[in-house]
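The values are calculated or read from the model by the stated rules, or taken from the named source; none is laboratory data. All values reported here derive from a predicted model rather than from experimental measurement. Please note: Cβ atoms are built from the backbone with ideal geometry, for glycine as well, and neighbour counts cover all protein chains shown. Ligands, DNA and RNA are excluded from the accessible area calculation, which covers all protein heavy atoms including side chains. Shrake-Rupley method; radii C 1.70, N 1.55, O 1.52, S 1.80 Å.
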Amino acid sequence: MFELKETQMRLLAAIHQAAGTAPGGGASMWSIGESLGLDRDKVQDLAMDLNAEGFLEIKSLSGKVALTP
């Protein structure tokens, strides 16, 4: 079973908050990661892990992501 870590929970919560007001329900993982004080490598690693576990959908190569239903 996959157990979410604090940083993963913070990223998911920030995506949820940002996507709630964004058209199409997506948000930029890069700008969200920056707002959380994370570097791009860390954001990418977190997003790939969350995607692999089914929590996050990568919507574009430019970093748009959305929470899975």
Subject >> Output for the stretch 22-69, where each listed residue is within 9 Å of the chain's Cα centre (by Cα), closer than 20 Å to E3 by Cβ and of a type in the set (D, E, K, R) >> reply: none
**OP:** Please report, ordered by residue number, the helices (runs of 4 or more DSSP H) entirely within the chain with at least 3 residues that are among the aliphatic types (A, V, I, L, M) and open to solvent by less than 70 Å² (accessible area, probe 1.4 Å).
**Re:** 6-19, 40-52
